[in-house]
Each structure stands twice: as structure tokens, then as C-alpha cells.
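Working notes for the structure below.
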Amino acid sequence: MSTTSPLPRLMNDAAHTDPHESQISYFKDDSSANDSIHRHRWQRSDIENGYADASGRGNRNTDHNTDNRGSAGSEALFVGDDHGVGEVDQQPDTREKAAAEVSVRDRIGCLTWTWFTLTMATGGIANVLYSIPYRSNWLRIVGEIVFFLNLAFFITICILMSLRFKWNPGSFSKSFLSPSESLYIPACMISVGTILVTMCQYGIPKTGVWFQTTMQVCFWAYSTLSVLASSGLYLLLWSTQEFPIANMTPLWTFPAYPLLLTGPVASNLISTLPDASAAARINSPAIAFGAVCFQGIGFLLSLMIYSAFLYRLMTKKLPKETTRPGMFVSVGPSGFTVTAIVGLASSVRTTILPDGYMGNTDGPFILYLMGNFTGLFIWGLCLWFCLISMGAHWQVLQPNHPEHHISADMTWNSFVFPNTALATATIQIGTAFGSNAIRIIGTVISVVLVVVWLGVLSMLIRALFLKRLLMPDQLDGAAYQRKKWATKFKNVRGRNQSRTAR
């Protein structure tokens, strides 16, 4: 018997109950890291102990959670194969019967920090719609609709997460110590960063001085919280958990992601101000210099983690198909850094630095050139990681393939949010160097991302209504699909063996 990792994931994840056991890939069907390793038996979490009887396997009021700091793992034993397809412990009819007994409160108890990736993706789309250089009134209206939709998503998820923590005492603290959930906690802060970016874009041009001052305060508050959250979460992870290099994924950069949005927040705040006097009122030089500092911390942390990711690819090959969407996470750090540097450089001569700064009238122009060429330098890295991530998905494009497949879950938000950084960075580069061709490419990327976002959103809604998401026994929504594919693959393999025997 086996079951999928129970939490929805943006990237590979794992829950380990015994630190002395051999550690394996975060995502159980990543065969490149799991060769000849049998998954150990997980203990039940606070979620599963509360809702075990929904699947006919226990008493709802029983709580024997003495496990691994609250990881939501299922009580199962997994034996991997070369194709990363395992069997689930419930037959389809049993699963349907159990699903019918799960209440709304039970499903809310299955919500995790990973659901904030939905608001990351939606906020990124609102940002992309604003950044498209070919402006029109209808495009602005669509962008505002997506902006308010993202606010609604964020508030709803915050309320539901609060209910989960209230109804499951201790689950809040355990989420910080769970290997399968703790790395996703920054998704909440990243969502706040995208909201601040879009508030600057859609709010400042239509409001007054009070909103400019509000965004100034929000920038410094967000920057402070980003530094504290990033350093605090990394320290917590390093002191309580172990992440072997063989299991490395770009998700390791997630605690640094809030820092990567300080630059875009600052550049959009300054660029949307009406005039130089408004920039002087909010002390735009201090905001710009602080943003460069914080952005540098986030980018350099990500750059060092990039090396571990490349090492993992060289030694363990590509992740399994179900985890590969998370490879796009590697696109974000360089993309957001380009957006920040080039965006600030575009305003350095007009609203940030006064004439004669540091005793040299050419200082702002020199910084303008340095910012543009530094952005161009990093933009190439962003493109390269995007191409690598896209090329890694060619196998899953084959329909109904018995070996290579991918199931809809929260992982798919990785197709959208990191690539919004690529779209905005491409548009910024095209604008900075006056290249219509690059601007058109950036616009095409933006349109494609909007289509992908609509597709991902519709698939997640469908999975939610079909009870393939937010279920106590299969929180990632992929168990039923993997059972289907496992059966199909075994049938195909059996026919091939019969033909060989003949």
C-alpha cells in the first residue's frame, strides 16, 4: 500500500519521522532520489487523527499524534518503482464512500500554507496586465478585476487558515516544524508583496497624498518583516530539520522570496508617483537604496542555492514529472531582480536622485546605465532557467502516456507566478533599451501566462469540486489519478511481458 504525500505542494516535499532513517526526496515518486529506498511508515498528524474516520480508518476524537513536528503524513508504506507510480490504499469505490462522509469543516482542516500560492499567481497576473506596454482602457479594467479577485482570494484563504488553526489546536506551531509545510509559509508574505505591488500600480494614480504616504509606510513595514521572516525561518529550518543535497529543489529559495519583492514594490511605488515633489515627500532615495539592499540579500541567497540545485540535477537527473512544475521557481529570483533594478534605474534621473548627487552631475546617468546593463546581464539567467524548466516538461505533453503524466494540484501555480517575473523583466528590458521586438516578446509571454493562469485556475476549481483537493486522506488531490495511471501502466506492462513470452 502507498499513498501520495498528503500536502499540496509547489515543489518536492517530505515528512520524516526518524532523523536516523535514510532521507529521501521530498516528493515520494521522485525516483531519481528514491532508487532502492523503501518509504518508512508515517505516523498520523493532527489533521488525520481528527478525520481518520472519514475514510473509515479510525476514531475522529482520537489524537495520538506524537510524530514528526506535525507533518501531515498518511499511515502508509511506499515501495517506489522506476516510473514513480505507486498504488493507493483505497479502492475507487471506498474512496468515493469516504469522500461523501467528509464535511466542509473537515476539508477546511486540510488547508495548508501552500494555498497562498494561488494568491501569488493571481497577484502576479494583475502585475503582468499592468506592465503590458500597449495600454488600453479595457486592459486596465481587466487588471483591476484581477487585482480585486486576488484580494478576495487572499482574505478568504486567511479566514479559512484561521479556522483551521482554531479548530485544530497546536496545528499552527506544528506547521512551522513540519518539513512538508514549513517551506511554504513564506507564500503568505510573498502574496502580501504582490498585493503591495499591484496597490501601487492601480491605487496611486487614482488617489491622493494619503495613499502615497500609506504605501511608504507599507514598504518599510514589508521590508522589515521580510528580513525578519527570511532569517528567522531559515534559522528555524536549519536548527530543527535536515534537507540532504540529494533532495534539493528550488523551493529552498522560498524563505528568501519575500526579499525579492522589495525591489519591485519600491520601483512601482516610485514610478507611479505624479511628480518629483511627491517623490521628495516620501523620501524616494531612501526607499530606492533600501530596496537595492534588500533585493541584493534575496538574490544572492537564491544565487547560492542555485548551485545546489544544479548539483542535484547533475547527480540525480531531472525530478519526476509530477514535481517538475516546481522547477519554474528558479525563474523568479533573477526575474524579480531585473524588474527591480531596471525599474529603479528608469526613475533614478527624474524622481530619485537630485542633480549633483555626491558632487557629480553625471552620477544619476551613470547609475542609469549601470542599472540597465546589470539588468540585461541577469535577464539572460532568467531566460535560461525558463528554457530549462520548459524543456523538462516535454515528456508530459504526450497524452495518455502510461509512464509520464502529471496531475492537477497546487504544484501547477508554479507555471504562473515565477514566470510573471520573466514577463515583467522582459518588458522592462525592452523599454530600457528601446527595443520593440523585446517588448512584443514580453507582451506575448504575458498573454500566454494569462491563458495558463485561467487554465490552472479552472483545473484547481474542478479538482476542488471533484474532491481531489482538501481531503483528509489525499490533500494533494493526486492519489486517485495516480491509482488510475498505476493500473493502466500495469496493464500495458503485462501485455508487453505476454508478447515477450510468446
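Rule-based calculations on the coordinates, nothing more; no lab input. Nothing here was measured: the structure is a model prediction, and the numbers come from that model. No Cβ is skipped: glycine too gets one built from the backbone with ideal geometry, and neighbour counts run over all protein chains shown.
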Notebook entry, point to check: Which whole-number percent of Cα pairs in region 183-247 have a distance greater than 19 Å?
Noted result: 47 percent
Next item on the list: Report Rg (one decimal) and Dmax (nearest whole number) for region 217-257, counting Cα atoms only, units Å.
Entry: 12.6, 42
Notebook entry, point to check: Ranked highest first by the average count of other Cβ atoms within 10 Å around their residues, in what order do 111-123, 235-247, 275-287 fall?
Noted result: 111-123, 275-287, 235-247
Next item on the list: Please list 308-315, 375-382, 341-348 highest first by mean number of surrounding beta-carbon atoms within 10 Å per residue.
Entry: 341-348, 375-382, 308-315
Note to self: With 10 angstrom as the radius, rank Glu144, Glu181, Glu101 by how many other C-beta atoms surround their C-beta, starting from the fewest.
What the structure shows: Glu101, Glu144, Glu181
Check: Short version: ³J(HN,Hα) in whole Hz for each residue of region 330-345, in order, from phi by Karplus 6.51 cos²θ - 1.76 cosθ + 1.60 (θ = phi - 60°), x for Gly and Pro, what are they?
Finding: 5, 6, x, x, 5, x, 5, 5, 4, 4, 5, 5, 5, x, 5, 5
Notebook entry, point to check: Karplus couplings for region 295-302 from phi (6.51 cos²θ - 1.76 cosθ + 1.60, θ = phi - 60°), rounded to Hz, Gly and Pro as x?
Noted result: 4, x, 4, x, 5, 5, 4, 5
Check: So what is the orientation-averaged projected area of region 119-215, using the convex hull of its C-alpha atoms, in nm²?
Finding: 7.6 nm²
